[in-house]
1. May I ask you to give the percent of accessible area on region 87-170 that is carbon plus sulfur, with a probe radius of 1.4 Å?
2. Could you tell me which residue out of 327, 358, 81 lies farthest along the dipole of the chain toward its positive end? Charges go on the beta carbon: Lys and Arg +1, Asp and Glu -1, centred on the Cα centre.
3. Once neighbouring chains are kept in place and the probe is 1.4 Å, which whole percent of the accessible area of region 203-282 is contributed by carbon and sulfur?
4. Compare the Cα positions of 62, 72, 21 along the charge dipole of region 1-105 (+1 at Cβ of Lys, Arg; -1 at Cβ of Asp, Glu; about the Cα centre) and return the one farthest towards the positive end.
5. Using a 1.4 Å probe, what is the accessible area per residue for the chain, in Å²?
6. Just add up the charged neighbours of residue 25: K/R +1, D/E -1, any other residue whose Cβ is under 10 Å from the Cβ of residue 25.
7. Could I get the Rg over Rh figure for region 164-255? Both from C-alpha atoms, Rh via Kirkwood, rounded to two places.
8. Based on the mean of other Cβ atoms within 10 Å per residue, sort peptides 139-152, 91-104 so the most packed one is first.
Amino acid sequence: MPVSDLPPGRHLALTWGIAIPYGGMTTAMLDRSRLFADAGTPVDVLTLDDRAFPLPPIPGVGVETSVTIRNLYDWPRTGEVPTGSGLPGAPAPLDPDGDDIVCDEAGGVLLRRLRLGEDGKPVDIDHLRPDGTIALSERRVGARGRVLLARDAGGRPIRAWRRRYDFYADWLDHIVGEDEAFLIVDSKTVAPFAAGYRRRRVTTVHVVHGSHRGPTPGSVRASRQPVFSRLTDFDAVAFATEAQAADVRAIVGPHPFLTSVAHPVAPVDVSALPQESEREDAVVIARLEPIKRVEDAIAAMRRVHGDTRGHTAMRLDVYGTGSQADQLVALAADDDGIRFHGHTDDPASAMATASLLLLTSRSEAFGLVLLEAMAAGCLPIAYDIAYGPAELIRHGENGWLVPDGDVDALADAIRAAAALDPARRAAMRRGARATASAYSDARIRSRWASVLRTARRRRRTRGGLRRLAATARRMTGALRRRLRPSRR
């Protein structure tokens, strides 16, 4: 195990939840956590989702790897919540036989009872322990108020919170204790909470996954605005590319510490890769959602298959699930050269045997799949979008860039790739692997170490300045009171 160059302290990754199968953001978060743990720095992945059911085994996660996933709602279940004061009385348990009651269970274990309102959303919730006792009650108070009440195994109140954010903060305080800690926030859903979580010993870093661009030049999309208006509340904000960091800097100004840290990519054993003559097909690995525009990849391949100019034996293998799955299958129904495989837990194998990867997204923060493909010698053909493709692909040397949304150009690039001399294509594969090698674990971990140290230094400096300002205000107030004329 290499000696960790990361700054010492508790290392925490905060996200909303982990859905199975998970997408690019969760993949990047878990890969970073494993990267830290492999160098001897354990990481706790913290989730706030109240619907977090027991997860199936996740590769690289567990006690043996020093990456542990912990959920907020397991805290009251364990009985570790400290006793508070001024506690309200415990509400009656929700009636399991009520017409408006819904029960959530996993693996035969009942985890929650919910009372739903007329809009179908939860009004009251009881979070249960495996033995059926109530660990936490949530009750609506008034039109918008809410009380969360932790309870012991006998049903007695232990601690109460009037806001979910206070519940979140107490849990983080419990985990951090008296330690120095680094809290890396991956989810834009929990970033507004994390922006307000300020502790003297906790350095907070927000990682922006995905593009921030709004509908007009220089604007920020609506889902990002609540956080982008408070970027100075984080000790650092990390983007996957320097181009995106620069664009955001132009919008928010120089005061937030905006930086870039790329994603690492694991090396591929070159000796295990197939011969050039065995790599003929193209592959798409993406969520089957509108933002990925997989229909463009299908349309381009149909054009290649429908004319006599190209390498018509090339097939397209599509891996992924999503809301557009049925629509996309129907779109390719009359083309036997386009095959759908659903979700894969081993995308690396699919890319290691394919000749080309097609990336047709509307936007990317980085395009990790591009690097994964290049590491396997699978040549990417990508729309020239912000951000990612243009920073990784040198057109004609290690892949191809085509104008954003131009399906004809995409089809032409597929034909050009298929028509290349095998020796030239093999040379491009070597160039792609060389590009990927620049994103090794050691380099990316070293970059993270530098960012975390700088963020900690800024946090300490800003904290010292705030304390000096507060002291100055108190001294000024005391002096004014002493100089105030007596009224006697």
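1. Values: 2210 of 4510 Å².
That share works out to 49 percent.
2. Toward the positive end, the furthest listed residue is 81.
3. Values: 1890 of 3500 Å².
Roughly 54 percent of what the probe reaches on region 203-282 is carbon or sulfur.
4. Highest projection toward the positive end goes to 62.
5. On the way: 23210 Å² over 488 residues.
I get 48 Å² per residue for this part.
6. Numbers: positive: 188; negative: 186.
Around residue 25, the surrounding residues sum to 0.
7. On the way: Rg = 14.1 Å, Rh = 14.1 Å.
Radius of gyration relative to Kirkwood radius: 1.00.
8. Numbers: 139-152: 14.9, 91-104: 12.8.
Those peptides, ordered most packed to least, come out 139-152, 91-104.
The values are calculated or read from the model by the stated rules, or taken from the named source; none is laboratory data. Fair warning: this is a prediction, and the values are worked out from it, not measured in the lab. In this analysis, Cβ positions are derived from the backbone assuming ideal geometry, glycine residues included, and neighbour counts consider all displayed protein chains. In case anyone asks, the SASA skips ligands and DNA or RNA and just uses the protein heavy atoms, side chains included. Shrake-Rupley method; radii C 1.70, N 1.55, O 1.52, S 1.80 Å.
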